[in-house]
Amino acid sequence: MKKFTAFFLLQILLLTAFNFAVFGQTKKEVLIRNATVITAIHGNLENTDILIQNGKIARIGKNLKAASNTQVIDASGKFVTPGIIDCHSHAMMDGSVNEFSYSVTSMVTTRDILNPTDISIYRALAGGVTAANLLHGSANSIGGQNTVVKFKYGRAVEDFPVADAPPGIKFALGENPKQTNQPTQPGRTPRYPRTRMGVMETIRDAFLRARDYRRALDDYRAKVDKKDKTAVAPRRELELEPLVEILEGKRLVHSHGYRSDELLNVLLLADEFGFRVATLQHALEAYKIAPEIAKRGTGVSIFTDSWGYKLEAFDAIPYNAYILWKNGVNVSINSDSEERIRRLNLDAAKVEKYGGVPEEEALKMITLNPAKQLGIDKRTGSIEQGKDADIVIWNAHPFSVYARADMTMIEGEVFFDRAKDLANRDALQRERETLEKLDINRPPGSGGTAPKIPSEKRQADRDEAVGDGGNH
Amino acid sequence: MKEIILRFSVAIFALISFGLSASAQNRAETFAITNARIVTVSGAPIERGIIVIRDGLIESVGAGVRVPADARTIDGAGLTVYPGFIDALTNLGLSSQTVSQQRGGQGLQIQIQQPQASQSQSSSNYPDGLQPEQMAFEQLKAGEAQFETVRNAGFTSALTVSREGIFNGQSAVINLAGDTVSAMIIKSPVAEHITFTPLRTGTFPTSLMGTFAALRQMFLDAQRLQGIQKMYAKDPRGIKRPGEDKSLEAVIPILNREMPIVFNANTEREIVRALNLAKEFNLNAIIAGGQEAGKVADRLKAQKVPVLLSLNFPKRTATAAAEADPEPIELLRLRAETPQTAARLAQAGVKFAFQSGGMQNIGDFLLNANKAVERGLTREAAIRAMTLSAAEIFGVENRLGSIERGKIANLVVSRGDILAKDKQITQVFVDGKLFEQKLPVKPAAGTTATTASGATQTSAAANVGGTYAITIEIPGQPLTGTMILTQQGTDLTGNVQTQLGTSTVKDGKVTPDGFSFTSTVEFGGSTIELTVNGRVTGNQISGTMTGPQGPIPFSGTKNP
């Protein structure tokens, strides 16, 4: 009986926790009142209201009227920005972020391994991040396909991908693809390529095969059109299909690289095959070739510091973002880290300091610019009428070191609410205590396995991570 | 708690010591169980009935059945007869080391030749681990003694398949008795089995996302092969002949929904991924494991996907340590909620059968089924999940799973409710053959009880001797090998064999917590010193090998 009571109690606690986790199931009208709205496109608007209907920003203005059932959020003295978009993340991924076997792994996709319960996305929401570009690692010249998601924590995984985001893919240049699988194991041939020359050859070879594949498909279709009964469909090549999409301009290339020579090389290769590289990722030497990048309309997604953190980054300078911006390049600032993703606002603030990128332009680097790079700027990235209500309410200007996200919403639904989070902590603690008392959750009396002791090294932090051979 | 453990260990001891021994007859006898309560599962229980068993089949069952003159009568007064239990997923009867031949690995080849891929005689173009044509049937070893422990726990049949590779191969339903493989088989093949575990050989796929891509590519390849085969059969003129490929041939019945495909998936997201893949290729899917299946019960119901639900409920194994992080609350919740999964599936109308899920002690099976009952599952549904539901999922419901005339005489007889702690299994019939429980007798002091299988387990934690199949987790290139440890007191000798050669165990010591030794390995012309630390839990070994580059984890399983 006692056991039963305890269990019943547990159920109630679980239910309570569940209710806290799922905010606002219905798309009701929301009115954010009297905020300083940083639109990231039309300047800052003081004492302004934002009306949200059906998950979209319906109106922006002063003294907007609310219907009686509208949820009104008083944001007096607070700052409202668009949700932050991280153009380079490996959050939510189960298993290795790299398929190490080959140097061309365009057949794999991060969509297959997403974990919607990854706690790091809740933490990202607490840092004002609403969307991210989930990329394959950088171990391969051509890595896997990406997934652009909104962090709808608590929802089913199907709700995460942004349906109309153009598909993308990861490329990687330089040390990571060339050093992967070294030192070699006896009995195994080291993986090709081992040099920057080899990386370029590998990518070129893949595109040549993709061209051949496209030709074979065309030949087949022509035969079918001619009612040729002996026409046999070519094998569907999951590896080459995404590359054909790149050649046809239907898939965005996000190319990891550091040195200006390798970055320029991938741009030249894209010229050769007639496509545009969507973004150069990391690209800490991009300032050296800013005009060449600008000319091609390629975006750059960078870390704001990390100068000289590895040999490839020795020529990195703090003015990278400024110089690129000055040359008309679309710049975004990414985290590549489950830890840094929580304070991208401060990374953006740094580019104001180094070179003097104007405030709005700096904010765009974590909102509208990455939205453009990912092809989702029609629906998100700035506070404009008609866009998704992906909105962060801050207690202070987001470039202040004292800034905290009080509330983060995606399409008008609150996915992080600091006040509710604080209020829920006691309940969670009580639930934990109840759960820990259960036999199944108690450490065994004798024998047993060793508990997990926290590592002194931080996991999954940027390109130098320990968890995956550093290939992010 | 302590009392439970004590009582439990007594029960185990009784089972091991006085195990059911087969009656000596080779020829199946005719039996009549009289005056017993009969839980038929297919129909209402018969409170006081007779079952006649002849030639391995149930000849008749009912309240008014005549006892044949030639039958050996078992007085079932006070006893309950159930259909023999079916463990819905095991690797029972399989030789532990199925060394598959080296085959070509061209099917998923992208551009770089794998150095070890020999162009062998095999007609599979896919690497080890991606060969769905492997059959459990061909790996079975004969002999019923190997099943004694599980039979004693009330099991008469099992679905069995290897756990190796991404494609585990095609399973078989076997009876847990019979002296030849053909006598054991009830149905083969039953289903193809998939484990979403990347290959450890360094060949594609080495990651979870690669695993999905590899499966997708094979399904597409098989679809194409089937298409070309049809064209070719119609008129081969002008068409290049389709190549033979055993692996793809084995995929075709899966794509045609002629063979179900079992996906091992426990967490909600693993199950969702499997369901998505099944939907993408319109497969006749079954989920195995299913710890969190209750959370996706509606989807399982909608896609008509049954579950082979593991009764190996998770529990904490990690010891306490002040410096360790507290366990995540999701994990604490998962352990608390898992026993409720069965009830949630039943409520949603999802078909499910119970499996042992690799539990170390098969005695936990019925105890955990009872826990599922405590958490809302009806007793009848629990029994059905161990009998008729399993038979239905495997397409053998016309032979197994219930006590009906004409079905295979697989029966378990118990004193007391089978789910109760104080039950006692008195007889087990497999194919009409009686395995009788002898009355427990207190062993004389000083005598050592040994089991037929000789599987005596000493309690000392630091018993590490044995041969282990290990994997050394070199990032990106896991290295497999064999670790042979010979223990004498606290001294340890032996060696480690990998493709780097054989390294001898030096300065080997066994401590209460585990073991340690040093060794050297020749690599690239130089000698590398390694310090190895590890521990053995059950049949699992794990630890680290520390060299100049830092520690590398290894883990593995003991070869029986």
Original post:
Hey, if you put +1 on the Cβ of every Lys and Arg and -1 on every Asp and Glu Cβ in chain A, which of A:Asn176, A:Ala286, A:Gly386 ends up farthest toward the positive end of that dipole?
Top reply: A:Gly386
Subject >> the range B:247-264 versus the range A:105-146: alpha-carbon centroid distance in Å >> reply: 31 Å
Original post:
Can you give the FRET efficiency for A:Thr117 and B:Thr537, using 1/(1 + (r/R0)^6), R0 = 30 Å, r = Cβ-Cβ distance, to the nearest 0.05?
Top reply: 0.60
Original post:
Taking neighbour counts of Cβ atoms within 10 Å as a proxy for exposure, in what order, fewest first, do B:Arg72, B:Arg273, A:Arg214 appear?
Top reply: B:Arg72, A:Arg214, B:Arg273
Original post:
So for the protein assembly as shown, taking the charge dipole from beta-carbon charges (+1 Lys/Arg, -1 Asp/Glu), which of A:Leu374, B:Gly143, B:Gly129 sits furthest toward the positive end?
Top reply: B:Gly143
**OP:** Give me the distance between the Cα centres of the range B:473-515 and the range B:219-237, rounded to whole Å.
**Re:** 50 Å
Original post:
D for the protein assembly as shown, whole µm²/s, Stokes-Einstein with Kirkwood Rh over alpha-carbon pairs at 4 °C and 1.567 mPa s: what number?
Top reply: 41 µm²/s
Original post:
With a 10 Å Cβ neighbour count serving as the proxy for reagent exposure, in which order, fewest first, do B:Phe352, A:Phe314 appear?
Top reply: A:Phe314, B:Phe352
Original post:
In a shell of Cβ-Cβ distance under 15 Å around B:Ser555, excluding B:Ser555 itself, what net charge do Lys and Arg (+1) and Asp and Glu (-1) give?
Top reply: +4
**OP:** Rank by packing, highest mean first: peptides B:314-324, A:46-56, with packing defined as the count of other Cβ atoms within 10 Å averaged across residues.
**Re:** A:46-56, B:314-324
Subject >> For the range B:466-558, average projected area of the Cα convex hull in nm² >> reply: 5.5 nm²
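Just to be sure I understand the rule: take each whole DSSP H helix in chain A, project its Cα atoms onto its long axis, keep it if the span is 18 Å or more and its mean Kyte-Doolittle hydropathy is at least -1.0. Which ones pass?
Sorted by number, the helices that extend far enough and score high enough are A:2-21, A:196-225, A:260-273.
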**OP:** List the residues whose amide H sits under 5 Å from the amide H of A:Asp406, counting only those 5 or more places along or on another chain, with H placed 1.01 Å from N in the peptide plane.
**Re:** A:Ile393, A:Trp394, A:Asn395
Original post:
Between A:Lys420 and A:Ala450, what is the FRET efficiency for a Förster distance of 35 Å, r being their Cβ-Cβ separation, to the nearest 0.05?
Top reply: 0.45
Original post:
Could the peptides A:83-96, A:130-143 be put in order, highest first, of the mean number of other beta-carbon atoms found within 10 Å of their residues?
Top reply: A:130-143, A:83-96
Original post:
At B:Gln488 and B:Thr317, where each label point lies 7 Å from the Cα along Cα→Cβ, what is the point-to-point distance in nanometres?
Top reply: 3.1 nm
Original post:
Say R0 is 56 Å: what FRET efficiency, to the nearest 0.05, do B:Lys506 and A:Val401 get from their beta-carbon distance?
Top reply: 0.50
Subject >> In Hz, Karplus ³J(HN,Hα) per residue of the range A:103-110 (6.51, -1.76, 1.60; θ = phi - 60°; x = Gly, Pro) >> reply: 8, 10, 10, 5, 7, 8, 9, 5
Original post:
Which one of B:Pro560, A:Ile246, A:Ile50 has its Cα pushed farthest toward the positive end of the charge dipole of the protein assembly as shown, where Lys and Arg give +1 and Asp and Glu give -1 at the Cβ?
Top reply: A:Ile50
Original post:
How much length, in nm to one decimal, is gained on full extension between A:Asn69 and A:Tyr354, taken as 0.36 nm per residue of separation minus their Cα-Cα distance?
Top reply: 97.9 nm
Original post:
Where a Cα-Cα gap under 18 Å defines reach, which aspartates and glutamates qualify for B:Lys351, not counting those fewer than 8 residues away within the same chain?
Top reply: B:Asp87, B:Glu268, B:Glu292, B:Asp298, B:Glu380, B:Glu392, B:Glu397
Subject >> Average partner coverage of B:269-278, which counts Cβ from other chains inside 10 Å >> reply: 3
Original post:
Size of the dipole of the range B:280-400 about the Cα centre, Lys and Arg at +1 and Asp and Glu at -1 on the beta carbon, nothing else charged, in debye to 20?
Top reply: 400 debye
**OP:** Report the charge-dipole magnitude of chain A in Debye, nearest 20, computed about the Cα centre from +1 at each Lys and Arg Cβ and -1 at each Asp and Glu Cβ.
**Re:** 720 debye
Original post:
What's the local net charge at A:Gly43, with K and R +1, D and E -1, over the other residues with C-beta under 13 Å away?
Top reply: -4
Subject >> the protein assembly as shown, dipole about Cα centre (Lys/Arg Cβ +1, Asp/Glu Cβ -1), debye to the nearest 20 >> reply: 1760 debye
Original post:
In whole Å, what is the distance between the alpha-carbon centres of the range A:191-230 and the range B:311-344?
Top reply: 50 Å
Original post:
Each label point is 7 Å from the Cα along the Cα-to-Cβ direction; what then is the distance between the points at A:Arg442 and A:Asn47, in nm?
Top reply: 6.4 nm
Original post:
Between A:Ala156 and residues 5 or more places away or on another chain, which pairs have amide H atoms under 5 Å apart, with H built 1.01 Å from N, and which residues are they?
Top reply: none
**OP:** Pairs to check: A:Lys295/A:Lys364; A:Lys250/B:Lys230; A:Lys152/A:Lys437. Give those whose C-alpha atoms are more than 23 Å from each other in this structure.
**Re:** A:Lys250/B:Lys230; A:Lys152/A:Lys437
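Where Lys and Arg each count +1 and Asp and Glu each count -1, what net charge lies around A:Ile73 among other residues with Cβ under 14 Å from its Cβ?
Combined, the nearby Lys, Arg, Asp and Glu give -1.
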Original post:
Going by how many other beta carbons lie within 10 Å of each one, how would you line up A:Tyr354, A:Tyr402, fewest first?
Top reply: A:Tyr402, A:Tyr354
Original post:
Among the aspartates and glutamates, which have Cα under 16 Å from the Cα of B:Lys423 when same-chain residues fewer than 8 positions away are ignored?
Top reply: B:Asp364, B:Glu436
**OP:** Can you tell me which of A:110-123, B:479-492 comes out highest on packing, and rank the rest after it, using the mean Cβ neighbours within 10 Å?
**Re:** A:110-123, B:479-492
**OP:** List, in order, the whole-Hz ³J(HN,Hα) value for each residue of the range B:423-434 obtained from phi through the Karplus relation with A = 6.51, B = -1.76, C = 1.60 and θ = phi - 60°; use x for Gly and Pro.
**Re:** 5, 9, 7, 9, 9, 10, 10, 10, 6, x, 8, 8
Original post:
Measuring from a point 7 Å past the Cα of B:Glu529 along Cα-to-C-beta, which residues in the range B:473-512 have an amide N at less than 18 Å?
Top reply: B:503-509
Original post:
Other chains' Cβ within 10 Å of B:187-200 residues: what's the mean?
Top reply: 1
Original post:
Near the amide H of B:Lys187, under 5 Å away, which other amide H atoms are found, from residues 5 or more places off or on another chain, if H is placed in the peptide plane?
Top reply: B:Val173
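Coordinate-derived values only; no laboratory data. Keep in mind that this is a model prediction, so the values were computed, not measured. Counting neighbours? That spans all protein chains shown, and the Cβs are built from the backbone with ideal geometry, glycine included.
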